[in-house]
Amino acid sequence: MQPLHKLETPPLPREILLRIYREMVRLRTLDERMMTLQRQGRVGFYGACTGQEAATLASAIALEKSDWIFPALREGGAMLLRGFPLVPYLCQIFGNAGDETKGRQMPSHMASKSVHQVSWSSCIGTQLPQAVGAAMAAKIKGDRTVVAAYLGDGATSEGDFHVALNFAGVFKAPVVFICQNNHWAISVPSSKQTASESIAIKAQAYGFGGVKVDGNDAVAVHAAVKQAVDKARSGGGPTLVECETYRIGAHSSSDDPTRYRDEREVEQWRKRDPLDLLRGRLQSWGIWSAREEDELRAKVLEEVNAAIAEAEKKPEPPRESLFEDVYSVLPWSLREQREELLASPPAGKTSQ
Amino acid sequence: MAELTYREAVAAGIAQEMERDERVVFLGEDVAAAGGVFKTTVGLLEKFGPCRVRDTPISEQAIVGAAMGAAMTGLRPIAEIMFSDFFGVSWDMIANEIAKARYMCAGQLALPLVIRTANGSGSRFGAQHSQSVENWVMAVPGLKVVAPSNPADVKGLLAAAVRDPDPVIFFEHKGLYATKGEVPDGEHVDRLGTAKVLRQGSDVTIVALAAMVPRALQAAQRLEKEGISATVVDLRSLVPLDTKTLLVETKKTGRLYTVEENPRLCGWGAEIASIVAEEAFYDLDGPIVRITTPHVPLPAADELEDNTVPTVERIVETVRRTAG
């Protein structure tokens, strides 16, 4: 492999590099628009991926369609990369009738079986043992599936992180743990999250390899994750990939980082914006031009705005739907409670 | 009919389902090579091999979490949590994840899994090894809750739990493992959510679960000699709850007693009492009476444990005192 800092030729096929970049631009645009909508009161909550697009998308693209993603907060964009349409994605954020998950989960917790991505759990780290179980199941079934388990730096302090890595090591499960170390777990810096010299090093304690990469460098992220995925698929067991990146924005729309974080630190990281880094490389390889950049930005903004307009038109989810899917079959007890509820005046916007 | 112990019926039920469906796998602590600390899973490793019958590291949240991930992606796992008290350790996975995953993804993913566990008193293991926690689970939407009282029900309800498309929490009772009973030959599959009337009486109705069922039956025999005729209902399953049988049998006698190992506050008896008060108030001839453990953690010493959990004598005395 060529040294990453002076790659003279593209290490990946042009179409893959361009696909990563286009998805990064779309995700950045989407996040900016959604944060604006949140401030306007049109969306209740939002967790943006800004600054972490390379770690999210260049890792997800290393997976095959049949692989599963057990995400953390900031990997919703991986669903879009894997072909999930934008309008129902937005409907999940709006929590309206266009949401395939029927308004059941809070925004930024989208899921779809169609792209093999489960919902993030609001309880930090709990996706990790589940991901290991899915990977163990793949091994038992004898199929080629690999499971990508995403987490943040904060999740490494949870018990679930340790039990999941332990299980993965013991059972040599085909799972890749992808930690987006964005340096801040809400207001707690990674220096106060762990005394270890890195997150990657923690894998050693569980008997497998950990690797730390520049999480803002899409090419580096892809190379590390692809290697780990290939290893898992060929029976080599798990890997922990630490993507060192930075949360440029707030933890979520409910957070104000100026209370606890030095803006100068943010400015330093803005200089290492993952979009700028990849665009610089693409231009240096002669496969991206300023004109293409302008066209892409305009096209993506138009696409996102059109999707928002369409998604916002959808009605509220019907209240009778709230009884569905608790069990595979609606039990008589819930049928009775549904009748009871429907006999009472509706609550919420429609009743005001 | 073969006579099996309650513990043998567990292995028989698991084996029946593993033979039938290769998606059924079994994992837990000390379940394979050791055959379970209560010897409930003896022979399964030899029969089905280490890929499908698996000893795991000691990590309740990973056992349950892995079962969840496996269920979401196509297997039908049975996970064992050695003592139901350890549900506390894996409670996030049970109450926040397994119970809610189907709902939160609007039914896109099913969670056909069973968590088996040893519940209840009788072993003098104290407050963290002998609790009855079926009421914890009963309170969480999305879970089904089963607690058999005899070997035939163990096998039949366990089979039904494995075949069910929803997550089922299967409470075995430690105090019943050595008890024996007839189990139907051949494939035996029961139905979840069905109570059984074990004894028909005319004066009072006693509703019980798991190890409280044989005690309720013994109490009924003694009461009979004193001229009080008791119906005994084995609930078998708390979710789904066989409310119909419960109400029918209560209305027949007009008096209801619940016998449970749950501590008093928010034990399952409280829910039963609420349902009956709402649905059959005018058919009652007297107050509903709950016979429970007091609202204390379960002590370990013989004398103390025996005085905490409802006994045959306490059931008899309570009914005698209040039924008149």
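Can you list residues whose amide H is under 5 Å from B:THR231's amide H, if they're 5+ apart or on another chain and H is modeled 1.01 Å from N?
When sequence neighbours closer than 5 places are left aside, the close amide H contacts are B:GLY201, B:SER202, B:ASP203, B:VAL204, B:THR205, B:ILE206.
Mind listing the phi-derived Karplus ³J(HN,Hα) values for region B:164-171, rounded to whole Hz, using 6.51, -1.76 and 1.60 with θ = phi - 60°, and x for any glycine or proline?
Here the 3J(HN,Hα) series is 6, x, 10, x, 10, 9, 10, 8 Hz.
What whole-number value in cubic angstrom gives the convex hull volume per residue for the C-alpha atoms of region A:278-337? Can you show the working numbers first?
Working: hull volume 8.0 nm³, N = 60.
Taking only Cα atoms, region A:278-337 has a hull volume of 133 Å³ per residue.
Beyond 38 Å, what percent of the Cα pairs of the protein assembly as shown remain?
Working: 96309 of 228150 pairs.
When all Cα pairs of the protein assembly as shown are counted, 42 percent exceed 38 Å.
Sorted from largest to smallest, which semi-axis lengths in Å does the alpha carbon gyration tensor of region A:1-145 give for its equivalent ellipsoid, taking the root of 5 times each eigenvalue? All intermediate terms of the calculation are to be shown ahead of the outcome.
Values: eigenvalues 138, 101, 34 Å².
In descending order, the three semi-axes are 26, 22, 13 Å.
Using alpha-carbon pairs under 8 Å, 6+ residues apart, how would you state the relative contact order of chain A in percent? Provide the component values of the computation, followed by the final result.
Details: 602 pairs, mean separation 72.8, N = 352.
This gives 21 percent for chain A.
Taking the Cα centre as origin and putting +1 on Lys and Arg beta-carbons and -1 on Asp and Glu beta-carbons, what dipole magnitude results for chain A, to the nearest 20 debye? Write out the running numbers ahead of the final one.
Working: 43 positive and 44 negative charges, 101 e Å.
Charge dipole of chain A: 480 debye, to the nearest 20.
Can you tell me how region B:176-261 classifies by the Cα gyration tensor, rounded, prolate or oblate, using a/c under 1.5 as the rounded cut? Show your work: numbers first, answer last.
Numbers: a/c = 1.98, a/b = 1.35, b/c = 1.46.
Since a/c reaches 1.5 but b/c is at least a/b, the shape of region B:176-261 is classed as oblate.
Could you work out, for region A:189-333, what percent of all Cα-Cα pairs fall into each 10 Å distance bin, beginning at 0 Å and stopping at the bin that holds the largest distance?
That works out to 8, 20, 25, 25, 19, 3, 0, in percent per bin.
Could you work out, residue by residue across A:150-159, how many beta carbons of other chains sit within 10 Å of that residue's beta carbon, and then give the average as an integer? Walk me through the numbers before you get to the answer.
Details: counts 0, 0, 0, 0, 0, 0, 0, 0, 2, 5.
Per residue, the average neighbour count from other chains is 1.
By what distance, in whole Å, do the Cα atoms of region A:14-317 stretch along each of the three principal axes, largest value first?
49, 44, 42
Kirkwood Rh over Cα pairs of region B:130-220 into Stokes-Einstein at 4 °C, 1.567 mPa s: D in µm²/s? Display every interim value, and only then the final one.
Values: Rh = 14.4 Å.
In µm²/s, the coefficient rounds to 90.
Please name whichever of A:CYS123, A:THR9, A:SER190 sits farthest to the positive end of the charge dipole of chain A, dipole taken about the Cα centre and charges placed at Cβ: Lys and Arg +1, Asp and Glu -1.
My answer, from the dipole projection, is A:THR9.
Per the Kirkwood definition applied to all pairs of different Cα atoms, how many angstroms is the hydrodynamic radius of chain B?
Values: mean 1/r = 0.0503 Å⁻¹.
Hydrodynamic radius (Kirkwood, Cα only) of chain B equals 19.9 Å.
222 nm [θ] for chain A, helices only, -39500 (n - 2.57) per DSSP H run of 4+, per residue, to 500?
On the way: 11 runs with 146 residues, N = 352.
The helix-only estimate for chain A comes to -13000 deg cm²/dmol at 222 nm.
Once the convex hull of the alpha carbons of region B:8-132 is built, what does its volume come to per residue, in cubic angstrom? Intermediate values should be presented prior to the final figure.
Values: hull volume 12.7 nm³, N = 125.
Roughly 102 Å³ of hull volume per residue.
Run the numbers on region A:146-227 and let me know its relative contact order in percent, using alpha-carbon pairs under 8 Å that are six or more apart. Display every interim value, and only then the final one.
Working: 86 pairs, mean separation 23.7, N = 82.
Reported as a whole number, the value is 29 percent.
Roughly speaking, what % of Cα-Cα pairs in region B:72-184 are separated by over 16 Å, rounded to a whole number?
Value for region B:72-184: 59 percent of Cα pairs lie more than 16 Å apart.
Under the 0.36 nm per residue contour assumption, what length would be gained going from the current alpha-carbon distance of A:LEU341 and A:GLU8 to full extension? Show your work: numbers first, answer last.
Details: separation 333, 0.36 × 333 = 119.88 nm, distance 6.57 nm.
The span from A:LEU341 to A:GLU8 would gain 113.3 nm if fully extended.
Using θ = phi - 60° and the Karplus curve 6.51 cos²θ - 1.76 cosθ + 1.60, what whole-Hz ³J(HN,Hα) does each residue of region A:145-162 get, with Gly and Pro shown as x?
Taking θ as phi minus 60°, the curve returns 4, 10, 10, 9, 10, 8, 7, x, 5, x, 5, 5, 8, 7, x, 4, 4, 6 Hz for region A:145-162.
Lysine pairs in chain B with alpha-carbon atoms under 18 Å apart, 8 or more places apart or on different chains: how many are there?
For chain B, qualifying lysine pairs total 16.
Please work out the Cα center distance from region B:63-133 to region B:201-237, rounded to the nearest Å.
Taking the Cα centre of each part, region B:63-133 and region B:201-237 sit 31 Å apart.
Rounding to the nearest 10 and keeping the result within 0 to 90°, find how far the Cα-based axis of helix B:6-20 lies from the longest principal axis of chain B.
40 degrees
Gaussian network model of chain B, Cα springs within a sub-10 Å range: biggest mean-square fluctuation belongs to which of B:PRO151, B:PRO50, B:PRO167?
Highest fluctuation among the options: B:PRO50.
If you scale each eigenvalue of the Cα gyration tensor by 5 and take the root, what three semi-axes come out for region B:196-322, rounded to whole angstrom and sorted largest first?
Numbers: eigenvalues 96, 59, 32 Å².
Those come to 22, 17, 13 Å.
Among A:ALA164, A:VAL146, A:GLY210, whose Cα projects farthest towards the positive end of the dipole of region A:108-246, with charges put on the beta-carbon of Lys, Arg (+1) and Asp, Glu (-1)?
A:VAL146
What does the C-alpha gyration tensor say about the overall shape of region A:66-191? Classify as rounded when a/c is under 1.5, otherwise prolate if a/b is larger than b/c, or oblate.
Values: a/c = 2.23, a/b = 1.21, b/c = 1.84.
It is oblate, given that a/c is not under 1.5 and a/b is not larger than b/c.
Starting at the first residue of region B:98-114, write each ³J(HN,Hα) from the Karplus equation 6.51 cos²θ - 1.76 cosθ + 1.60 with θ = phi - 60°, in whole Hz, x for Gly and Pro.
Values, residue by residue: 4, 5, 10, 4, 4, 5, 5, 9, 6, x, 5, 10, 9, 10, x, 9, 10 Hz.
Which of the lysines could a cross-linker bridge to A:LYS231, judged by Cα under 22 Å and excluding same-chain residues fewer than eight apart?
List returned: A:LYS65, A:LYS139, A:LYS141, A:LYS172, A:LYS202, A:LYS212.
Putting +1 on Lys and Arg Cβ atoms and -1 on Asp and Glu Cβ atoms, find which of B:ALA219, B:VAL197, B:PRO148 reaches farthest to the positive end of the dipole of region B:123-231.
It is B:ALA219.
Under a point-charge model restricted to the Cβ atoms of Lys and Arg (+1) and Asp and Glu (-1), what is the dipole moment magnitude of the protein assembly as shown relative to its Cα centre, in debye to the nearest 20? Intermediate values should be presented prior to the final figure.
Numbers: 76 positive and 87 negative charges, 207 e Å.
The calculation lands at about 1000 debye.
At 0.36 nm per residue, minus the direct Cα-Cα distance, what do B:ALA2 and B:LYS180 gain on full extension? Give it in nm, one decimal, please. Don't jump to the answer; show the numbers that get you there.
Numbers: separation 178, 0.36 × 178 = 64.08 nm, distance 1.01 nm.
63.1 nm is the gain from fully extending B:ALA2 to B:LYS180.
Run the simple label-point estimate for B:LEU304 and A:ARG42 please: 7 Å along Cα→C-beta, distance reported in nm.
It works out to 6.3 nm between the two label points.
With viscosity set to 1.002 mPa s at 20 °C, what whole-number translational diffusion coefficient in µm²/s follows for region B:225-287 from Stokes-Einstein and a Kirkwood radius over Cα pairs? Each step should come with its number before you reach the end.
Details: Rh = 12.5 Å.
Estimated via Stokes-Einstein, D reaches 172 µm²/s.
Let me have the 222 nm mean residue ellipticity of chain B computed from DSSP H runs of 4+ only, each contributing -39500 (n - 2.57), with the sum over all residues rounded to the nearest 500.
Values: 11 runs with 117 residues, N = 324.
Per the formula, -11000 deg cm²/dmol.
With the crude spin-label approximation of a point 7 Å out along Cα→Cβ, what separation in nm comes out for B:HIS295 versus A:ARG22?
Roughly 6.4 nm, to one decimal.
Could you give the dipole magnitude of chain B about its Cα centre, charging the beta-carbon of Lys and Arg +1 and that of Asp and Glu -1, in debye to the nearest 20? It would help to have the intermediate numbers written out before the result.
Values: 33 positive and 43 negative charges, 71 e Å.
The calculated dipole for chain B is roughly 340 debye.
May I ask you to sort B:TYR6, A:TYR260, A:TYR206, A:TYR246 by Cβ crowding, counting other Cβ atoms within 10 Å and putting the fewest first? Could you put the intermediate results ahead of the total?
Values: B:TYR6 27, A:TYR260 12, A:TYR206 19, A:TYR246 23.
By the 10 Å Cβ count, ascending, the order reads A:TYR260, A:TYR206, A:TYR246, B:TYR6.
If we count every other residue with Cβ under 11 angstrom of B:PRO165's Cβ, Lys/Arg +1 and Asp/Glu -1, where does the sum land?
Numbers: positive: B:ARG76, B:ARG102, B:LYS144, B:ARG163; negative: B:ASP164, B:ASP166.
Residues close to B:PRO165 contribute a combined charge of +2.
Quick one: angle between helix B:268-280 and the longest Cα principal axis of chain B, in degrees between 0 and 90, rounded to 10, please.
Roughly 60 degrees between the two axes.
Bear in mind that the values in this text are calculations on the coordinates, not laboratory data. The structure presented is a predicted model; accordingly, all values stated were derived computationally and were not measured. Here the Cβ is made from the backbone with ideal geometry for all residues, glycine too, and neighbour counts use every protein chain on show.
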